[in-house]
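Note sheet for the following structure.
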Amino acid sequence: MKIVVLSGGKSTERNVSLSSGAKITNALRSKGYKVAYVDSFLGEDVDEDKIDDLFITEPEDESKMIIDDEVLTNEKIEALRTDGTKGLLGKNVLKICQHADIVYMGLHGEDGENGKMQAMFDVFDIRYTGSGSLASGIAMDKKFSKEVFVQKHIQTADYTTTKTPDIKEEDIPFGFPMVVKPSNGGSSVGTHIVRDASELGSSIEDALQFDTEVLIEEYIKGREFSVAIVDGLVLPAVEITVDTGWYDFDHKFQDNSVTHFITPPELDDETHKRMQEMTKETFDALAMSNYGRVDFLLRDSELYVMEANTLPGMTPRSLMPREAEAVGISYPDLCERIIKSKIRLYEEAK
């Protein structure tokens, strides 16, 4: 089987995606698959009759898994492409993907998770991992996904949205502290915990660098959990704790004091079971498929679904591989399971 691992792209999470993609590539190559590791934004300068040569079994350089903590702007990413072209895809990306049996979506953030890439692949009859275009777009947009949660009676934090930093405090239906974040985005880029009115405008301005609309959310002080689902199997919950601050970009991807607990003993069985049930409810409500992850906050005995991720990170520090390992699924086996599960879904849809 020939597989393209698509990573990089053009989003604030580009560096995270490159790390995920390199690790996924090595995992699949270790299982004997011929894999082409492709940056979707930069592409490959290769003649069409040489494309098959990109599909190899030799491992990638481990240094590609190191994540630079620089937050990349569109201008910085566009400067990486020196051939004068514009658009979502780099040189020959579509042709390379058409040579594969399936594309493993190692992308994160805007262009990978908002459904654009998935819709394009559907048009060209290219198979890919993860959810389809509609589910991807809804899950990526925090406002729309929250509207689905409310409609489906899935408890979530109260919220409102704005497209301007001039929103009035009295127009926000809850008090401080509150959370400000881009409506479309991930890895906590542009996210702020706002303690009082003096911080609100500047926090919204910063979030607006990354999207045209900002979500303002009720701050829920509680324990933070994440639960992944792969091929219908809901994995054990993982808890995230930090010694200082909160679970921001640096805590997620750099060496620090974050601790991950798999089904911590102080989490009672009933709450854990309910969390797993809500993961499945959220997955179904958003019409997700193949695999994904749902993030929770637990305040007292109340569970709140914060958001769903259709392409969870697969970096050396990511959550989903830890959950899989807890039930005996190795990283390479996890990647292979995702591939085989999506191929089966395609076959069943015929």
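The orientation-averaged projected area of the convex hull spanned by the Cα atoms of the chain comes to 17.8 nm².
Mean sequence separation of contacting Cα pairs (under 8 Å, at least six apart), scaled by the length of the chain, corresponds to a relative contact order of 19 percent.
Remark on TYR128: its backbone amide H falls under 5 Å from those of VAL103, a criterion applied only to residues 5 or more positions apart or on other chains, H modelled at 1.01 Å from N.
Residue-wise HN-Hα couplings along segment 86-93, as the Karplus relation 6.51 cos²θ - 1.76 cosθ + 1.60 with θ = phi - 60° gives them from phi, are 10, x, 5, 10, x, 4, 6, 4 Hz; Gly and Pro carry x. Could you tell me whether segment 1-115 comes out rounded, prolate or oblate from its Cα gyration tensor? Rule is a ≥ b ≥ c as square roots of the eigenvalues, rounded for a/c under 1.5, then prolate if a/b exceeds b/c, otherwise oblate. Oblate shape, in that a/c is at least 1.5 and b/c is the bigger or equal ratio. When only the Cβ of Lys, Arg, Asp and Glu is charged (+1, +1, -1, -1), the dipole of the chain relative to its Cα centre reaches about 940 debye. Our note on the geometry: Cα centres of segment 284-318 and segment 191-210, 24 Å apart. Taken per residue, the accessible surface of segment 221-349 reaches 43 Å², heavy atoms only and a 1.4 Å probe.
Would you mind checking LYS95/LYS181; LYS10/LYS143; LYS91/LYS340; LYS146/LYS181 for any pair whose Cα atoms are more than 25 angstrom apart? Those over the limit are LYS95/LYS181; LYS91/LYS340.
Relative contact order of segment 2-128, taken over Cα pairs closer than 8 Å and 6 or more residues apart, is 39 percent.
With everything on Cα atoms, drop me the angle between helix 269-285 and the longest principal axis of the chain, reported from 0 to 90° to the nearest 10. Between the helix axis and the principal axis of the chain, the angle is about 60 degrees. Phi-derived couplings, Karplus 6.51 cos²θ - 1.76 cosθ + 1.60 at θ = phi - 60°, listed residue by residue for segment 314-323: 10, 6, x, 10, 6, 7, 4, x, 5, 5 Hz, with x used for Gly and Pro.
For segment 158-218, the spherically averaged projection of the C-alpha convex hull amounts to 3.4 nm². The charge dipole of segment 221-349, taken about its Cα centre with unit charges on the Cβ of Lys, Arg, Asp and Glu (plus for the first two, minus for the last two), comes to roughly 320 debye.
For ILE56, the residues whose modelled amide H falls within less than 5 Å of its own, excluding neighbours fewer than 5 places apart on the same chain, are VAL35, ALA36. Using alpha carbons only, how many angstrom separate the centre of segment 104-152 from the centre of segment 18-89? Each part reduced to its Cα centre gives a spacing of 21 Å.
From the alpha carbon gyration tensor of segment 102-169, can you work out the equivalent ellipsoid semi-axes (sqrt of 5 times each eigenvalue) and give them in Å, largest to smallest?
With the √(5λ) rule applied to segment 102-169, the semi-axes are 29, 15, 9 Å.
Computed over protein heavy atoms with a 1.4 Å probe, the carbon and sulfur contribution to the accessible area of the chain reaches 47%. Between ASP125, ASP49, ASP269, the GNM of the chain built on Cα springs shorter than 10 angstrom shows ASP49 fluctuating the most. Does segment 91-207 come out rounded, prolate or oblate by the C-alpha gyration tensor, with a ≥ b ≥ c the root eigenvalues, rounded set by a/c under 1.5 and, if not, prolate when a/b is larger than b/c and oblate if not? Prolate.
Compute for segment 221-349: radius of gyration divided by Kirkwood radius, i.e. Rg/Rh, restricted to C-alpha atoms, rounded to two decimals. Ratio value, two decimals: 0.96. Ranking MET275, PRO321, LEU303 by Cα position along the charge dipole of segment 221-349, where only Lys, Arg, Asp and Glu carry charges on their C-beta atoms, puts PRO321 farthest toward the positive end.
Each distinct pair of alpha carbons in segment 1-42 adds a 1/r term; the inverse of their mean, the Kirkwood radius, is 10.3 Å. Per residue, how much accessible surface does segment 40-193 expose to a 1.4 Å probe? Answer in Å², no decimals. I get 50 Å² per residue for segment 40-193.
The values are calculated or read from the model by the stated rules, or taken from the named source; none is laboratory data. These figures come from a predicted structure and were not determined experimentally. For neighbour counting, all protein chains shown are included, and Cβ atoms are generated from backbone atoms with ideal geometry for every residue, glycine included. Quick note on the areas: whole protein, heavy atoms, side chains included, nothing else; ligands and nucleic acids left out. Shrake-Rupley method; radii C 1.70, N 1.55, O 1.52, S 1.80 Å.
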